[in-house]
Structure formats: C-alpha cells, structure tokens
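Worksheet: one structure, shown below.
The values are calculated or read from the model by the stated rules, or taken from the named source; none is laboratory data. Model, not experiment: these values are computed from the prediction. When we count neighbours, we look across all protein chains shown, and the Cβ atoms used for this are built from the backbone with ideal geometry, even at glycine. Areas reflect the complete protein model, heavy atoms only, side chains present, ligands, DNA and RNA absent. Shrake-Rupley method; radii C 1.70, N 1.55, O 1.52, S 1.80 Å.
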Amino acid sequence: VRLQAYGGGLVQAGGSLRLSCAASGRTFSMYAMAWFRQAPGKEREFVAAISGSGTGTYYKESMKGRFTISRDNAKNTVYLQMNSLKPEDTAVYYCAAKEGSSWSRIGPAYDYWGQGTLVTVSS
C-alpha cells in the first residue's frame, strides 16, 4: 500500500483545511486508517482514526468537535477536515494504514505511512 498525503498549507487561526490521503495497492477497505501529527521538537501524536468500513471514528480528546475523519472507499481516500485551527495545530500531518479492521492510537501498530503534509497555522 502506498499512501500520498496532501492538502496542507498556511492558514490563519480560526480557519479550516481538509487533508486528503490517497492510497494505492490492495483493497482499501481492508485497512483501518489514521492521522498522526508531529510538531517541531515534539513527539508524533495520534489525531484520529477510522475503521475500514468507515462506520467507526475515533479522536484524540482534544481534537473532538474540531476535526473530522472520513473516508471514501470507492476513491481509496481518507480525509481529515480541520476546523477552528489554532497555532498549536501546526505540524506535519501523516496518514497511516493498518491491516485489519481494528484501529489503534499507537503509531507502530500501523503498517504503512504517507510522506506527510505540512500544516502551518498563523496567529
């Protein structure tokens, strides 16, 4: 599975961005998908995950209400809609794929990673 994340950019605080992650390779619906992020000088952190069918979504508590993860299995794409962005959301955002239907908050549980897309939120 190859993952290509895109959609990052520069946005003002309070603005919105939608990240996309396109997957190629094996059957996309067989993979739970997740977004992680890594801010400068900080460890990578879990943002959100979605089950293979798309019926289950999970968020880091601090992201609930602002971020929405979704997927379109027909397009082999997972999305992260980010609203009410804050300067502390500035980070490189990575998408990741995990074989099987169960999701995880733990990065090493994921089998494939995209290259990351930079989100910069200005104050």
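Brief remarks follow.
- Using the Cβ of ASN76 as centre and a radius below 13 Å, the other residues enclosed give a net charge of +3, where K and R count +1 and D and E count -1.
- Where labels lie 7 Å past Cα in the beta-carbon direction, separation of SER53 and SER122 in nm: 4.5
- Of all DSSP beta bridges in the chain, antiparallel share, percent nearest 5: 90
- Here the chain has 48 percent of its accessible surface on carbon and sulfur atoms, given a 1.4 Å probe and all protein chains in place.
- Using the Stokes-Einstein relation with a Kirkwood hydrodynamic radius computed over Cα pairs, the translational diffusion coefficient of region 1-51 at 20 °C and a viscosity of 1.002 mPa s comes to 165 µm²/s.
- Calculated SAXS-style log₁₀ I(q)/I(0) at q = 0.21, 0.27 Å⁻¹ - region 19-74, Debye, Cα scatterers: -0.84, -1.15
- Working note: Karplus 6.51/-1.76/1.60 with θ = phi - 60° gives region 78-83 the couplings 10, 10, 9, 8, 10, 10 Hz, where Gly and Pro are set to x.
- Calculated on C-alpha atoms, the gyration radius of region 57-113 divided by its Kirkwood radius gives an Rg/Rh of 0.96.
- Leading residue at positive end of dipole, region 3-90 (Cβ point charges), from PHE36, TYR6, VAL47: TYR6
- Share of pairwise Cα-Cα distances greater than 17 Å in the chain is 50 percent (whole percent).
- For the chain, the solvent-accessible area with a 1.4 angstrom probe is 49 square angstrom per residue.
- Contour minus Cα-Cα distance for SER104 and ARG18 (0.36 nm per residue): 28.8 nm
- Unit charges at the beta carbon, dipole of the chain: most positive-side option, ASN83, ALA97, THR27: THR27
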